1. Taking all pairs of distinct Cα atoms, average 1/r, flip it, and tell me the Kirkwood hydrodynamic radius of the range 329-424 in Å to one decimal place.
2. How large is the dipole of the range 329-424 about the Cα centre if only Lys and Arg carry +1 and Asp and Glu carry -1, each at its Cβ, rounded to the nearest 20 debye?
3. Calculate how many DSSP beta bridges within the chain are antiparallel, expressed in % of all such bridges and rounded to the nearest 5.
4. List the aspartates and glutamates whose Cα lies under 17 Å from the Cα of Lys188, skipping any in the same chain that are fewer than 8 positions away.
5. Report the Cα-based extents of the range 370-421 along its three principal axes, largest first, to the nearest Å.
6. Gain in length, Lys375 to Cys231, computed as 0.36 nm per residue apart minus the alpha-carbon separation, to one decimal in nm?
7. Report the label-to-label distance for Val104 and Lys35 in nanometres (one decimal), using points 7 Å from each Cα along the Cα→Cβ vector.
8. Can you compute the modelled spin-label distance between Glu338 and Lys181, with each label point 7 Å from Cα toward Cβ, in nm?
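What follows draws every value from the coordinates through simple rules; no lab data is involved. Computed from a predicted model, the values in this text were never measured in an experiment. Glycine also receives a Cβ, built like all others from the backbone with ideal geometry; neighbour counts cover every protein chain displayed.
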Amino acid sequence: MTKHNIQAIRGMRDILPTQTTWWHRMEDQLLSVLKLYGYKEIRTPILEKTALFSRSIGEQTDIVSKEMYTFTDRDGSSLTMRPEGTASVVRAFVEHNLIRAEPVNRLFYMGPMFRHERPQKGRYRQFYQMGAELLGSADPAADVELMELMVRCISSVGLDDTSLHINSLGCSECRPAYREKLVEYLKKHEQRLCDDCKRRLETNPLRVLDCKKDACISVSQKAPHMMDFLCHDCSEHFETVRAGLSALDLQYELDHRMVRGLDYYGRTTFELIAKGLGAQNAVAAGGRYDGLVKQIGGPDVPAVGFASGLDRILLLLQEQLQQPKAMPVLFLVTHGNEAWLEGLKISAMLRRDGFKVMTDVRRGSMKSQMKRADKDGARFVLIVGDDELSSGQVTVKDMVATPGSAKQISVPSDELSTWLRARLGDGKGQSR
Ligand code: HAM
């Protein structure tokens, strides 16, 4: 009988301990920016009723028509693993009537999303998003604040080489006329479009504009612009958004062909594009979705939001930056059973005081414990043997002693925390 190794599912990756240091750092940086703008975390389930996504993202979108992980539950109901976060946040917003307590809600989430796409660099079937949703304002001020937040978030993690692309998709007043003109134009060039776009021409003609095939690009480059069809209100909204971005000194490009792959958008849409990722170069994207809350069964609440692809950000960071530096570690080395028992008390005390302490749980020889300490990048090695037991002291070995300073010193065990704090400061030598 052949033995089969079971491996992870295609497009779904393990994030190993060498990687999680990066993730923690990025998440911490994002959290601190989100706090500056008053965002509060919301956590929603990974599974939702399928109808939530098909109704909000749109039946004809790629996500709903071919990328969702959908299955029938034991009671016969259709469930889907969330392909994005906005629909779930809006469902929760309506279900818990969050608007009752707060007219303006600023919510964020971080977590895995699932789309059955063809895996490639920067595109996975399980990927992680950080998203922010601002519900309760139709004013362009909300669009501007949100885009500013998006740009700040991405630059806070160390990605500066990005460009902001914006567009307006108009509203239900002005879009139909544009759609009509667009279809008229595309029909004239139909024979040059790819098969997918020929189908989109019937179902979702705006999506032809962001097809990545060369032939379709050359057709859509000369297509009419939504901008020329905006109604008075949409036009004014977009101008105010642009004025806000300029006041903030945020450079942007008008991207007439950016239509986004989800149907709930209207008016402002935007993407943050990074250099160096190849085809999958959007590190964050979003837009205004004024009709969605009502569509999900809630009151008429306008909203705008974005989500960023954390896997992609890390890919870029790892190409650009060096591994985050591990902070110093304390390593406790003991010799003999009595010393081990005393060492247990000392390490418990130090951890209670907030220090990171490592020990060799295999209880090898002194020499092998010292080797382990070196491998772990210990800043100080704390040694407890017979001499230390009788004197109530701990021998502290400074692994990066500067020339002239003592390499080894005895410190009374009850003064150890104070002694270490004086040398390691408040950071206490933490590493994840
Ligand atoms: P989205 O453009 O579908 O928008 O996704 C946002 C970001 O998630 C993308 O720009 C990309 O960085 C990342 N992403 C998407 N798919 C994948 C994948 N297969 N692998 C890796 N990264 C991926 C949304 O999801 C909207 N919910 C954004 C939004 C929030 N709009 C309003 N509020």
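1. 13.2
2. The calculation lands at about 500 debye.
3. Numbers: 51 of 65 bridges.
Expressed as a percentage, antiparallel bridges in the chain total about 80.
4. Glu180, Asp196, Glu202
5. Dimensions of the range 370-421 along the principal axes of its Cα atoms: 28, 23, 19 Å.
6. So the extension gain works out to 45.3 nm.
7. 2.1
8. Here the answer is 9.2 nm between the modelled labels.
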